[in-house]
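The values are calculated or read from the model by the stated rules, or taken from the named source; none is laboratory data. Everything quoted here is computed from the prediction, not taken from an experiment. Cβ sites come from the backbone with ideal geometry, for glycine too, and all protein chains shown count toward neighbours. Ligands, DNA and RNA are stripped out before the accessible areas are found, and what is left, the full protein with its side chains, is counted by its heavy atoms. Shrake-Rupley method; radii C 1.70, N 1.55, O 1.52, S 1.80 Å.
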Amino acid sequence: MSTTPNTPDAVVYDKVFTTPLDKAARFSFDEQVVACFPDMIRRSVPGYGQMLAMLPIFAKRHCQFGQTNKAGKRISRVYDLGCSLGGATMALLNEAGGFTADQLQIKAVDISPAMTEKATRVLAENYPDHDIEVITADIRGFQLEPCDMVILNLTLQFLPPEDRTQVLQTIYNALNDGGILVLTEKTHTGDEQDDAWLVERYYDFKRANGYSELEISGKRNALENVLITDTLDTHHQRLAEVGFRRSLTWFQFLNFASMIAFK
């Protein structure tokens with residue numbers, strides 16, 4: 001069976017912020033966002049495709065088949081926390097990844113029922129022979145089984161800052177020795193001038209991808225106090241605090257960065 005995902009649904013373009021919203025409106029991963037999410041993330045997150053493409057390369061290097069499935073076969077368990085529509089799972093199982101259907105057990109978790117409902121359908125249609133479980137849950141109270149790899153893409157930033165260390169501690173505790181966490185976030189530098197330049201170039205990136213001034217300002221207002229960024233230093237300090245022996249920033253595009261932490 002080809003592992004190139006089917007695309008039965010027509011492309012739905014991101015029009016969420018084409019009309020003025022009430023000032024109290026806040027961004028949420030509801031049915032409207034889910035419908036256009038692939039287009040939204042492609043046009044809103046610089047380098048997203050490259051970040052996904054590296055996941056199977058990391059997995060090939062660091063997944064040690066340190067767990068056992070129900071059939072007693074040695075596998076590598078991978079968690080995708082804040083999975084949205086399963087993009088990371090599809091990247092891992094792409095033909096270029098080189099994993100067979102019985103090598104990885106993937107548990108994809110998201111708090112949005114609208115996201116997990118669609119992810120369940122899409123992943124079942126495209127990877128019926130793979131061991132994939134899509135779970136609707138808040139990752140702040142979710143208990144992880146022993147695993148080799150955890151993916152946390154653009155998720156921590158939506159949690160209250162006071163909850164972030166505990167989530168990372170839970171991940172660290174679940175990882176086997178030699179396991180990895182891939183953490184991708186929108187960030188800020190802490191320098192007012194540098195941050196202003198990066199933000200303006202990010203808006204230029206969105207303009208180049210067809211977003212209007214109304215859409216840019218509408219989403220910015222909706223995300224205020226919903227998406228709260230950290231500096232890269234804060235991320236790396238937090239990773240060290242929970243026990244990771246080292247971490248590094250392996251990818252950065254404007255104010256988006258992806259880190260890898262090693263247990």
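What number of residues in region 239-249 are closer than 16 Å to Asn153 by Cα and either more than 19 Å from the chain's Cα centre (by Cα) or open to solvent by less than 60 Å² (accessible area, probe 1.4 Å) (or both)?
Total meeting the criteria: 3.
Only one of these conditions is not met by Gly210: (1) surrounded by 13 or more Cβ atoms within 10 Å (Cβ to Cβ); (2) more than 22 Å from Arg61 (Cβ to Cβ). Which number is it?
(1)
Within region 159-167, can one find any residue that is polar (S, T, N, Q), touching a residue at least 24 places away in the same chain (Cβ under 8 Å) and closer than 30 Å to Gly66 by Cβ?
Yes, region 159-167 has at least one match.
If you take the residues of region 132-171 that are surrounded by fewer than 19 Cβ atoms within 10 Å (Cβ to Cβ) and acidic (Asp, Glu), which of them is farthest from Met90 (Cα to Cα)?
Glu162
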